[in-house]
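The values are calculated or read from the model by the stated rules, or taken from the named source; none is laboratory data. Since we're looking at a predicted model, the values are computed, not measured. Using ideal geometry, Cβ is built from the backbone for each residue, glycine included, and neighbour counts are taken over all protein chains shown. Note: accessible area is taken over every heavy atom of the protein model, side chains too, but ligands, DNA and RNA are not part of it. Shrake-Rupley method; radii C 1.70, N 1.55, O 1.52, S 1.80 Å.
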Amino acid sequence: MDSTSASSITPAPGGWAAALRSLSAGKVGWALGLAFLVAAALNPIFAPPFPVLLGRTIFVALVLLLTFTLAGNLQHKYLPRWLAQTLAVVLAAPLATLLVYLVATGGDFSAIVSHPGRVAGFMWIAGCALFIGLVLATAAMVREREALARSMQLQFELERAKLEKQALDARLALLTAQIEPHFLFNTLANVQALVETGSPRAAQVLKSLIAYLRAALPKLHEPGGLPALANELQLVRAYLELMHLRMPDRLQFAVDVPAELHAERFPTMALLTLVENAVRHGVDPSEEGGRIDVGGRREPEGGWRLWVADSGVGLAENAAPGTGLANLRARLQGVFGAGATLELSEQPPHGVRAEIIIPAAADAAPKARS
């Protein structure tokens, strides 16, 4: 006669001890409350006083509760758990009622069957116990199945999230592997051109290249999640200094990102992708050269942004996005979510401004991976 006696998702074997441990105050309270309601409903047709009738219904209710709980905690080899609990209620209701009347008659069974009032009382109490017990047992088992279904759905969602994370990590690793050689070999090609022309700046360029590689190589596979933005800015400065040595009269640059952003987690070489594009496709093709400004700020409404603005040749008409920018967009969304964007726009009077926008909702996600 308990509405929550099967609330656990899986049966806990252990017999009587496990059954007693699972009898919470709430379950006992439900059983006592229902026993009181049954006694109050039957009191007008029963000869014994209300306290006697209440004692009988309480005893039957507690026996049903204990039996149903015990059947749920025992391991059944041949019966399904729900069937064992149903049979327990069907058997316990008349047997517990019979025991009550045997106690009342001093164990004289004939005194029960020969007394029409006692037979009627037995039928009323046993019938009410059986009906209410089966209804509540069925409801409890339905809730148990629903809880089991929710648990399985949650486990499925967790497993799917785990697989999606593994797929995302593999995708990010592939994108990073595509990007890293691109930067390294382009830089080496630029240095080679300077050395082959016999430029007196060759030694200084090699020194700057060493500084660049020292900044870049330890971070390509840095353990422990995403590195800090400060590491990326160090790499950007080293690269721009190297490019400035290659074309000192045609490239000027400035890196001005507020210190409050330096601790933010940021994908390795993501900002460098934009800087390298600004050099190769903006400043380098221009006869006059140009200037590259790297900046950032935190937004008042939350989130933050970084930008690379150049005064080079600008966007070519009908120019298709390159692999580097496509990979960068995929990396940003993989790390910060779909709200992270990469926007390209014209930079007056000529040039390109590329902005990475990190929404406020994504601020905490990459930090947790560090």
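What single numbered condition from (1) modelled with pLDDT under 85; (2) of a type outside the set (Gly, Ala, Ser); (3) not in a loop (DSSP other than H, G, I, E, B) fails to hold for residue 37?
Every condition holds for residue 37 apart from (1).
Tally up the residues in the range 68-112 that are closer than 22 Å to residue 28 by Cα and buried (at least 17 other Cβ atoms within 10 Å of the Cβ), please.
Residues meeting the conditions: 20.
Mind checking whether some residue in the range 47-54 is among the hydrophobic types (A, V, I, L, M, F, W, C), at pLDDT 75 or above and under 29 Å from residue 149 (Cα atoms)? Reasoning before the result, please.
Step one: of the range 47-54, the residues among the hydrophobic types (A, V, I, L, M, F, W, C) are 47, 50, 52-54.
Restricting the remaining residues to those that are at pLDDT 75 or above gives 47, 50, 52-54.
Then keep just the ones that are under 29 Å from residue 149 (Cα atoms); that gives none.
No, the range 47-54 has no match at all.
Based on what the data block shows, is residue 260 at pLDDT 85 or above, in a helix (DSSP H, G or I) and surrounded by fewer than 16 Cβ atoms within 10 Å (Cβ to Cβ)?
Numbers: at pLDDT 85 or above: yes; in a helix (DSSP H, G or I): yes; surrounded by fewer than 16 Cβ atoms within 10 Å (Cβ to Cβ): yes.
When the stated conditions are applied, residue 260 passes them.
Could you say which residue among 163, 172 is modelled with pLDDT under 85 and exposed (fewer than 11 other Cβ atoms within 10 Å of the Cβ)?
Working: 172 fails: exposed (fewer than 11 other Cβ atoms within 10 Å of the Cβ).
Going through 163, 172 in turn, the sole match is 163.
Identify all residues within the range 2-25 that are modelled with pLDDT of 55 or more and open to solvent by 40 Å² or more (accessible area, probe 1.4 Å); write none if there are none.
Passing the criteria: 17, 20, 21, 23, 24, 25.
Which pairs have Cβ atoms under 6 Å, sit 6 or more apart or on different chains, and link a residue in the range 124-145 that is assigned to a helix (DSSP H, G or I) to one that is among the polar types (S, T, N, Q) and at pLDDT 80 or above?
From the range 124-145, the pairs are 125/97; 126/97.
Which strands (runs of 3 or more DSSP E) does the range 276-350 wholly contain that include 2 or more residues that are of a type outside the set (Phe, Trp, Tyr) and open to solvent by 20 Å² or more (accessible area, probe 1.4 Å)?
Details: elements: 290-298, 304-310, 341-346.
Qualifying strands (runs of 3 or more DSSP E): 290-298, 341-346.
Take the range 92-111 and flag every residue that is of a type in the set (Val, Ile, Thr) and part of a helix (DSSP H, G or I).
Taking the range 92-111 first, the residues of a type in the set (Val, Ile, Thr) are 97, 100, 103, 105.
Scanning the range 92-111 gives 97, 100, 103.
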